[in-house]
Amino acid sequence: MASANTAGFQAATIRRRPVAGRRFRSVLGWVFCGIAFGLVAVPLVDIILVVFVRGFTALSPQLFSQTTQGVGGGLLNAITGTIFLSVGALIFGVPIGVGTGIYLSEFGNGRFGSVVRFLADVLTGVPSIVLGYFSYVTMVIWLGWQFSVLAASITLAMMILPYMAKMTELVMRQIPVSMREAAYALGANDRMVVARVLLPVAMPGIITAVLLSLAISVGETAPLIYTAGWSNYVWNGQLTHQPIGYLTYVIWSFINQPFASAHALAFAAALLVMVTVLAINLGARALLYGRSR
């Protein structure tokens, strides 16, 4: 009887040891996850707070009504320039990106579709400064456009093209095949199926892709340095041979100046960019949430 009790006690002890070991490893894993999250979250929160506090104190009516004057003045030229460049990027990028995504989803199962997907993946991994230098050599120098809105908008469009194509393809592939079959059964051709059946269903996802691409274009600096240049004046509507101002240049350049007015403009520009990108991302997430509902 004593030997049986001893054997049962030893078996229970052996069973408790693995459980205790798993609990210890689980607690250790959660501790490391918490430390990693803190290493990422604390600097991010610190940056957001610094930009918000110093940028908010720099806001004033003249910031939105005056152009940049040396290292002072306002940001009217940079704000309008960012809007024009982002809209220009969408004008060039959205039709081609959405069209590419539709082709890959509906007709891109062959070798050519695989090549297009591969090129989109490669373009996604190309650093933005490389695209900027490519545009500088081809458009600014070779074509003779100089620093211009057209060169900068095309460069930003090249950046957002792969994102638009991949997200559009993903959204289109999520539409049930039965909807396509029903449309074909009613006598619709390929164009009618895409235009009247698939696009209306996929429109919230495509708009989300457009918003995310817009956020990417608003926050870019490196390619614009090579293509847009900088201007202290509001854009006069000329597509070529005319540089333009933009907010990210103010952040990149003015923060290095030894003047308080330059620092104020840099933090104000950073706040405007941060709030704009945050609003765009929240809008995109709201659309995704509504679509999932």
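Remarks
- Taking the chain as a Gaussian network of alpha-carbon nodes connected by springs under 10 Å, the highest mean-square fluctuation of the residues ALA266, ALA202, ALA41 belongs to ALA41.
- Listed residues GLU181, GLU220, GLU106, most fluctuating in the chain (Gaussian network, C-alpha, under 10 Å): GLU181
- Full-extension gain in nm, VAL275 to VAL122, via 0.36 nm per residue minus C-alpha separation: 52.0 nm
- Listing VAL42, VAL197 from fewest to most neighbouring C-beta atoms within 10 Å gives VAL42, VAL197.
- Estimated dipole of the chain in Debye, rounded to 20 [Cβ of Lys and Arg +1, of Asp and Glu -1, Cα centre]: 1380
- Relative contact order of the chain, pairs being alpha-carbon contacts under 8 Å that are 6 or more residues apart, as %: 26
- Residue (of HIS241, LEU161, GLY125) at the positive-pole extreme of the chain, dipole from beta-carbon charges: GLY125
- Length gained when the stretch GLN69-ASN236 is fully extended (0.36 nm per residue, less Cα-Cα span): 58.4 nm
- Helical content of the chain, expressed as a calculated mean residue ellipticity at 222 nm, amounts to -25500 deg cm²/dmol (DSSP H runs of 4 or more residues, -39,500 (n - 2.57) each, divided by residue number, nearest 500).
- Helices that extend 27 Å or more along their long axis by alpha-carbon positions and average at least -1.0 on the Kyte-Doolittle scale are, among the DSSP H runs of the chain, 2-58, 76-106, 149-173, 199-218, 260-292.
- Taking other residues whose beta carbon is less than 13 angstrom from the beta carbon of GLY29, and scoring Lys, Arg as +1 and Asp, Glu as -1, yields +3.
Values quoted throughout were computed directly from the atomic coordinates according to the rules given, and no laboratory measurement underlies them. Everything numeric here is computed off the predicted structure, so don't read it as measured data. We place every Cβ from the backbone using ideal geometry, glycine too, and count neighbours over all the protein chains shown.
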